[in-house]
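Each value in this text was obtained by applying a stated rule to the coordinates, not by laboratory testing. Predicted, not measured: the structure shown is a model, and the values here were computed from it. No Cβ is skipped: glycine too gets one built from the backbone with ideal geometry, and neighbour counts run over all protein chains shown.
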Amino acid sequence: MWTFFHKLASPPHFYRIAPAFIRIFAVAGLLLFAYGSWNGLFEAPMDYQQKDAFRIIYVHVPTAYLSMMAYSIMAISAAIGLIWRIKLAHAVAAAAAPLGAWFTFLALATGSIWGRPMWGTWWEWGDPRLTSQLLMLFLYFGYIALRSAIDDLAKADKASAVLALVGAVNIPIIHYSVYWWTSLHQGQTVMAGKMPPEMLNPLLINILGFTLIFGALLLHRVRSEVLYRERRARWVLELVAGAKALP
Amino acid sequence: MKPRQQRMLAVGLAVAGVAIAAALTLRAFQDNMMFYVEISEVSKGNAPDDRNFRVGGLVLEDSVKRKRGELELEFTLTDLKSELVVAYSGVLPDLFREGQGVIAHGRLGDDGRFMADTILAKHDENYMPPEVAETLAKHAAAKAAEAAKNGGTSP
């Protein structure tokens, strides 16, 4: 068990085994995404109040969930990197940030597009769910900016890890904002079972599909990050020399 | 203590410290973090009378009064405990209807009515197909009729 993790944390080993996982995640994720989206957009019945407009949920909920998932992965990797000094962990945190920022942006954009006809507004300042989600987008921007502002990689890893950990406080705030305060944004639907199965199943399939696609993208980014960080290591030089030696 | 354990402790304490600071800050701003004021708070006099605020509740059934050919309308907001009359002039969001949750932004008038400049519809967390909603409404109506009949015959 432990040897598996120790081996996994070794950059060359990770670099070698990652492609197999990327392939599986990408294929399974795209298939589930296609199946879930088809079912959600065409097969699921429309909502009694929102009619067809509710179908944006099949993108909004998976992206919103992954925006928080990516932050959690980033913060936990940052903590592991700080405590155990595992180089791969910092690479994971660095690779997760832009993906998380994109998912946050998509969640905000799809929510805004839905909010205009349903709520009657694109954006409401002061709504705790909307505001805390926007704060997370800025935390991602801050993390990415801080990282690129420091040339020394070890220092950049440490400084950005602290920022990621401080910002992690926002994650439970986003999740519970609709319960702790009055808000325009509605409460939990999926976990609270407020949706019939024929509408819920495509959503669950899409959540799983998006997660697998995210996993594939993350592993791919970590792999590139590892290659860059280890560019002076012998295994990378041998890899490059081997590739050059090929006809 | 090993250096690794020291680092673990430092990270743990830092995260706990930030969490406590955030919790205290949010507690201090509790009232300002509320997106809207509930109607029972307004009727208790716990709403600002000198500035704009938002109030949220359900549109009372059969309370929407419109003047023909004008955008002006009046309706009653309720939280099933207290009620508040809201006056508004403008375009309403799609989801605005009787029995639906809405949020009104504006201020309390001298006559006790709430003068709204914006109305937002609040969607709840329930999703269902139209047929299911129809069946539910039919059942609810049948139950209400049953209750009315029983209420009529009993002393």
Spelling out what I want: for every residue of region A:51-63, take phi, set θ = phi - 60°, compute 6.51 cos²θ - 1.76 cosθ + 1.60 (Karplus), and round to whole Hz; glycine and proline get x. 6, 6, 5, 5, 5, 5, 4, 5, 10, 4, 5, x, 5
What range in chain B is the longest one free of GluC sites (Glu not before Pro) that are in a loop by DSSP and have at most 16 other Cβ atoms within 10 angstrom? B:1-60
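Given only helices, namely DSSP H runs of n ≥ 4 each adding -39500 (n - 2.57), what is the per-residue ellipticity at 222 nm of chain A, to the nearest 500 deg cm²/dmol?
Values: 9 runs with 188 residues, N = 247.
Here the helix-only value at 222 nm equals -26500 deg cm²/dmol.
With 31 Å as the limit, write out which pairs from B:Lys44/B:Lys143; B:Lys65/B:Lys138; B:Lys67/B:Lys122; A:Lys158/A:Lys244; A:Lys7/A:Lys244; B:Lys65/B:Lys143 have Cα-Cα distances beyond it, or answer none. If you can, show how the numbers build up before the last one.
On the way: B:Lys44/B:Lys143 34 Å; B:Lys65/B:Lys138 26 Å; B:Lys67/B:Lys122 25 Å; A:Lys158/A:Lys244 35 Å; A:Lys7/A:Lys244 27 Å; B:Lys65/B:Lys143 28 Å.
Beyond 31 Å between Cα atoms: B:Lys44/B:Lys143; A:Lys158/A:Lys244.
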Helix B:130-153 against the longest principal axis of chain B: what's the angle in degrees, Cα atoms only, rounded to the nearest 10? 60 degrees
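Okay, helix-only estimate at 222 nm for chain B: each DSSP H run of n ≥ 4 adds -39500 (n - 2.57), divide by all residues, round to 500 deg cm²/dmol; what do you get? List each step's numbers first, then the result.
On the way: 4 runs with 59 residues, N = 155.
Helix contribution divided over all residues of chain B: -12500 deg cm²/dmol.
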Could you run the Debye sum over the Cα atoms of region A:191-235, one equal point scatterer each and no solvent, and tell me log10 of I(q)/I(0) at q = 0.34 Å⁻¹, two decimals? -1.07
Chain A: longest segment with zero exposed trypsin sites (Lys or Arg not before Pro), where exposed means DSSP loop plus at most 15 other C-beta atoms within 10 Å, is residues A:86-230
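Which value, in debye to the nearest 20, describes the size of the charge dipole of the protein assembly as shown about its Cα centre when Lys and Arg Cβ atoms bear +1, Asp and Glu Cβ atoms bear -1, and nothing else is charged? Spell out each step's value before the answer.
Working: 39 positive and 34 negative charges, 513 e Å.
Roughly 2460 debye for the protein assembly as shown.
Can you pull the mean other chain C-beta count within 10 Å for peptide A:179-186?
Values: counts 0, 4, 9, 10, 7, 10, 4, 7.
Mean inter-chain Cβ contacts per residue within 10 Å come to 6.
Looking only at other chains, what is the average number of their beta-carbon atoms within 10 angstrom of each beta-carbon in A:120-130? Provide the component values of the computation, followed by the final result.
Working: counts 13, 7, 0, 0, 6, 1, 6, 5, 4, 1, 1.
Mean partner shielding for this stretch: 4.
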DSSP loop trypsin sites (Lys or Arg not before Pro) in region B:1-40 with at most 11 other Cβ atoms within 10 Å of their Cβ, which ones? none
Using a 10 Å cut-off on Cβ to Cβ distances, tally the other chain neighbours for every residue of B:123-136 and report the average as a whole number. 6
Find, among the chymotrypsin sites (Phe, Trp or Tyr not before Pro) in region A:59-113, those assigned to loop by DSSP (not H, G, I, E, B) with at most 11 other beta-carbon atoms within 10 angstrom. none
Mean-square fluctuation maximum in Gaussian network of chain B, Cα pairs under 10 Å, restricted to B:Leu120, B:Leu24, B:Leu80, hits B:Leu24
Can you give the angle from 0 to 90° between the axis of helix B:3-28 and the longest principal axis of chain B, with both taken from C-alpha atoms, to the nearest 10? 30 degrees
Return the equivalent ellipsoid semi-axes of the protein assembly as shown as a descending list in whole Å, where each equals the square root of 5 times an eigenvalue of the C-alpha gyration tensor. 50, 26, 18
Qualifying trypsin sites (Lys or Arg not before Pro) in region B:32-75, DSSP loop, other Cβ atoms within 10 Å at most 13: B:Lys44, B:Arg51, B:Lys67, B:Arg68
Charges on Cβ only, +1 for Lys and Arg, -1 for Asp and Glu, centred on the Cα centroid of region B:31-112; of B:Leu95, B:Gly112, B:Thr78, which one is farthest towards the dipole's positive end? B:Leu95
Pick from B:Met128, B:Met34, B:Met115: which residue has the top mean-square fluctuation in a GNM of chain B where Cα pairs under 10 Å get a spring? B:Met128
Relative to the Cα centre, what is the charge dipole magnitude of region B:56-143, using +1 at the beta carbon of each Lys and Arg, -1 at the beta carbon of each Asp and Glu, and rounding to the nearest 20 debye? 140 debye
